[in-house]
Amino acid sequence: MTRIAATCKTKLTFSVVKRNLCCKQLRNFYNTGIHKEASFPTCDYTPSVYKGASYETIIKSRENYVIPSQKPYYKKPLLLHEGRGQWVWDNEGRRYLDMFGGIATISVGYCHPKVVCAMSEQSYKLGHATAVYLHPRYHEYAEKLTSRLPPGLSCVYLTNSGSEATELSIQLARLYTGRNEIISLKNCYHGATAVAAATTAISTYKYPLLLPPGHIHVTNPDVYQGPWGGSNCRDSPVQAGNRICNCAEGKCQAEDNYFKQFQDTYESLVPADGQIAAFIAESIQGVGGTVQYPRGYLKRVQKQVHELGGIFIADEVQTGFGRTGGSFWGFEGHGLNPDIVTMAKGIGNGFPLGAVVTRPEIARALTKAHYFNTYGGNPIGCAVGAAVLDIIEEESLQENALNVGTHILYNLATLIKEFPSIMGDVRGKGLMIGIELVNDSTTREPLPHDEMAQIFEDIKDMGVLFGKGGVKGNVLRLKPPLCVTKEDGDYAVEVLRSALKKHQTNIKC
Ligand SMILES: Cc1ncc(COP(=O)(O)O)c(C=O)c1O
């Protein structure tokens, strides 16, 4: 893939170009690869030698100075040192293909030169300004961002994170409708702050604390694990193979049944006048394990939500910015016309930036008081956000997500034939992919935690980083930077094959 040469006018004081050359031994290690048969894709970037605090010092510091709720992946947690494109290097100079993209956050590639320049140039000019003053970057960015959305979604509020975007979207919905009830799907994740946590429905992220009231969760329309769904329900190159569909052309029984569940739930839980504030959903559940719904489900729910006086919030924190390949926004894949869109992660390629975009009449509801955050709309964040949008277009990254993602999905589908008892399901769209590992493909019970952890560890030892998700933690998640290549995808699939083979051998012994 061609990289756009950055035209950075500012002389960078930190040297991106002049790197300390690493020692011979390390240099040999960078490009050798760690899978015995498949060849590790090459990378022409040479990172510097890590000269920071020792691994042991950092582990101790983490134990002593960091709130222990944050649990790093892997038996020996990775100490990351540098990143370029789809690659990261650890403190020992070991190179990894990051198929998790910093948790679906690195959209255009680590340290993309155009992002680095945008950040650097803006920090030389004006690194901070709040909403009590005007600054041009905010307005340039707001116009650029809304130009990527359907007409009408024209009012932007920039936030610090996805959780703040969820909080604000719900606040807007409540202020606008004058109602309290928020409906979301079981197995959803929308953030960690109080209202976002109450919206979320994955027990892993629930503390034994009182959460804000007004949240209703409906049956998750999961066509693989749920009670309904079959081989033709979802919008993916790979369908669930556990149940055959007998629906007539243009019909989907699973969609009807899950929609009936939605109606049953609100009929029993929504106040007697039948009015709600909002429904919020991702177009594909991310943290929940790349769960896809029957094709027409969300569109039907949107219609019903509007009839209940509520508004539809599309959480595009993971699915936005071209990740799903076929469309720039995940909701477009469902034919939706949301009233509010929330964004974070890929919007800033790792810079802490989020956004809420809505219609002017809904936005006006926020003028009933003063909603203020210090860092949202920071000039550097706006410059980064604008650069990210340009790069996605200039480098055709949405198209790349579609081509490479579809290629990976087809290859994973063939792997199911080789490992039918453990690879329960492969699903997703573009570069938002999930692989559900099971103990028994008939009952779909999850692979035991220790077996899952070993496979996960083996994949990392062969130079590839995957993510984990799902309420039982048994879904491998692939959400790499949108610049990954088919060669990278082939390597990742080969690595998975080896890890599953090893697992099979260990189980038999
Ligand atoms: C779909 C979705 N919404 C909201 C959030 C919250 O974003 P943040 O972690 O930036 O607060 C996340 C984070 O993983 C997410 O995946």
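Where a number appears in this text, it was derived from the coordinates with a stated rule and is not lab data. Only a predicted model underlies this, so the values are computations on that prediction, with no experimental measurement involved. Positions of Cβ are backbone-derived with ideal geometry, glycine not excepted, and every protein chain shown enters the neighbour counts.
When +1 charges are put on Lys and Arg Cβ atoms and -1 charges on Asp and Glu Cβ atoms, the dipole computed for segment 115-394 relative to its Cα centre reaches about 220 debye.
Using a Förster radius of 41 Å, what is the FRET efficiency between Lys36 and Leu79 based on their Cβ-Cβ separation? Nearest 0.05, please. Could you put the intermediate results ahead of the total?
Working: r = 25 Å, r/R0 = 0.62.
The calculated FRET efficiency here is 0.95.
Rounded to whole numbers, the Karplus 3J(HN,Hα) couplings from phi for segment 328-345 are 5, 10, x, 5, 5, x, 9, x, 8, 10, x, 8, 9, 10, 10, 9, 5, 6 Hz, using 6.51 cos²θ - 1.76 cosθ + 1.60 with θ = phi - 60°, and x at Gly and Pro.
Quick one: of the DSSP bridges fully inside segment 171-312, what percent are antiparallel, nearest 5? Around 10 percent antiparallel, to the nearest 5.
Quick check on my link table: of Lys429/Lys501; Lys144/Lys345; Lys71/Lys206; Lys260/Lys429, which ones sit more than 20 Å apart, alpha carbon to alpha carbon? Kindly include the intermediate steps, with their values, before the conclusion.
Numbers: Lys429/Lys501 26 Å; Lys144/Lys345 18 Å; Lys71/Lys206 16 Å; Lys260/Lys429 26 Å.
The answer is Lys429/Lys501; Lys260/Lys429.
In this Cβ point-charge picture (+1 for Lys and Arg, -1 for Asp and Glu), the chain has a dipole of about 1040 debye about its Cα centre.
When a/c is below 1.5 the answer is rounded, else prolate if a/b is larger than b/c, else oblate, so apply that to the chain with a ≥ b ≥ c taken from the square roots of the Cα gyration tensor eigenvalues.
Numbers: a/c = 1.72, a/b = 1.12, b/c = 1.54.
Oblate shape, in that a/c is at least 1.5 and b/c is the bigger or equal ratio.
When segment 115-394 is described by a simple charge dipole with +1 on each Lys and Arg Cβ and -1 on each Asp and Glu Cβ, the residue from Pro237, Pro221, Ser147 located farthest towards its positive end is Pro221.
If both residues of a DSSP beta bridge must be in segment 115-394, then about 40% of such bridges are antiparallel.
Suppose every Lys and Arg Cβ carries +1 and every Asp and Glu Cβ carries -1, with no other charges. What dipole size does segment 199-312 come out with about its Cα centre, to the nearest 20 debye? Don't skip to the answer; put the middle values down first.
On the way: 9 positive and 10 negative charges, 45 e Å.
Computed about the Cα centre, the dipole is about 220 debye.
Modelled this way, with points 7 Å down the Cα-to-C-beta line, the labels at Ile103 and Ile67 are 1.3 nm from one another.
Return the calculated 222 nm mean residue ellipticity for the chain, to the nearest 500 deg cm²/dmol, obtained by summing -39500 (n - 2.57) across DSSP H runs with n ≥ 4 and dividing by the residue count. Walk me through the numbers before you get to the answer.
Numbers: 14 runs with 174 residues, N = 509.
That calculation yields -10500 deg cm²/dmol at 222 nm.
Taking 0.36 nm per residue of separation and subtracting the Cα-Cα distance, what length does fully extending Arg148 through Asn180 add? Mind showing how you got there, number by number?
On the way: separation 32, 0.36 × 32 = 11.52 nm, distance 3.03 nm.
That pair, Arg148 and Asn180, stretches by 8.5 nm at full extension.
Which of the peptides 255-266, 303-314 is most tightly packed, and how do the rest follow, judged by the mean count of other Cβ atoms within 10 Å per residue?
Details: 255-266: 17.7, 303-314: 20.3.
Ranked by mean Cβ neighbours within 10 Å, highest first: 303-314, 255-266.
Beta bridges from DSSP with both residues in the chain: antiparallel share about 65 percent, rounded to the nearest 5. Across the chain, C-alpha contacts under 8 Å between residues 6 or more apart give a mean separation that, scaled by the residue count, equals a relative contact order of 21 percent.
For Phe372 and Ile59, compute 0.36 nm times the residue count separating them, minus their Cα-Cα distance, and round to one decimal in nm.
Length gained between Phe372 and Ile59: 109.0 nm.
Computed over segment 115-394, relative contact order equals 29 percent, with contacts defined as Cα pairs under 8 Å that lie 6+ residues apart.
Within segment 409-438, find all residues whose amide N lies under 19 Å from a label point positioned 7 Å from the Cα of Arg243 along Cα-to-beta-carbon. Answer for this model: 424-428, 436-438.
Using a Förster distance of 56 angstrom, determine the FRET efficiency expected from the C-beta separation of Gln275 and Thr505, and round it to 0.05. For R0 = 56 Å, the calculated efficiency reads 0.45.
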